[in-house]
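Notes follow once the structure below has been shown.
The values are calculated or read from the model by the stated rules, or taken from the named source; none is laboratory data. The structure presented is a predicted model; accordingly, all values stated were derived computationally and were not measured. Please note: Cβ atoms are built from the backbone with ideal geometry, for glycine as well, and neighbour counts cover all protein chains shown.
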């Protein structure tokens, strides 16, 4: 059986829908989607290539899948000046939900339970720490310092608090 081209867009739509159900007032933007899918990639739930960019790990593949999800009507992406992107799932998601396996939905549900209450900046700090640990063999003791060097706009104290809260 071949894999549907809609699989990844539906995963994105499902994640956004579940976040909206749990946190109805939460702003979900492109950075947020990137970081959650980085965490899902680390767990082996999805398979995207990531590189380090200014806002932490970034995947052009995830960006493309998000664009496809929008053009397919699975999600709606809106830019609001001075506030950023706001992404919401649409009712069209239900048409494709059968493409998802129970274990994929559970992994997303678990990820939302663990990380959805963080904002995009905090997720960027978390993902940068994990990327640094995974790809540059940075010890846990040095993670906050390495993240601070990569993101000097954020205080070492803030980074340490966020990583501690994330259990890193």
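Assorted remarks:
- Index of the failed condition, residue 110 passing every other in (1) over 26 Å from residue 27 (Cβ atoms); (2) assigned by TED's automatic domain parsing to the domain that holds residue 33; (3) surrounded by 12 or more Cβ atoms within 10 Å (Cβ to Cβ): (1)
- Here the condition is being touching a residue at least 24 places away in the same chain (Cβ under 8 Å) and out of contact with any helix residue (DSSP H, G or I) (no Cβ under 7 Å at 6 or more places or on another chain); of 112, 121, 126, 108, it holds for 121 alone.
- Any hit, the stretch 154-163, residues being under 18 Å from the mean Cα position of the chain (by Cα), outside the structural domain of residue 8 (by TED's automatic domain parsing) and not in a helix (DSSP H, G or I): no
- Close pairs from the stretch 54-81: first in the same structural domain as residue 30 (by TED's automatic domain parsing), partner exposed (fewer than 14 other Cβ atoms within 10 Å of the Cβ) and assigned to a strand (DSSP E or B), Cβ under 7 Å, at least 6 apart: 58/51
- Test result for residue 31, closer than 23 Å to residue 155 by Cα, assigned to a helix (DSSP H, G or I) and in the same structural domain as residue 3 (by TED's automatic domain parsing): yes
- Subset tally (residues that are in a helix (DSSP H, G or I) and either at pLDDT below 95 or farther than 17 Å from residue 19 by Cβ (or both)) for the stretch 122-138: 10
- Filter pass, residue 102 being at pLDDT 95 or above and closer than 20 Å to residue 20 by Cα: yes
- For residue 167: the one exception among (1) under 16 Å from residue 33 (Cα atoms); (2) not assigned by TED's automatic domain parsing to the domain that holds residue 36: (1)
- Scanning the stretch 9-43 for residues that are farther than 20 Å from residue 78 by Cα, within 14 Å of the chain's Cα centre (by Cα) and surrounded by fewer than 24 Cβ atoms within 10 Å (Cβ to Cβ) yields a total of 5.
- The number of residues in the stretch 48-64 being at pLDDT below 95 and in a loop (DSSP other than H, G, I, E, B) comes to 2.
- Within the stretch 82-102, tally of residues that are in a helix (DSSP H, G or I), in contact (Cβ under 8 Å) with a residue 12 or more places away in the chain and exposed (fewer than 15 other Cβ atoms within 10 Å of the Cβ): 1
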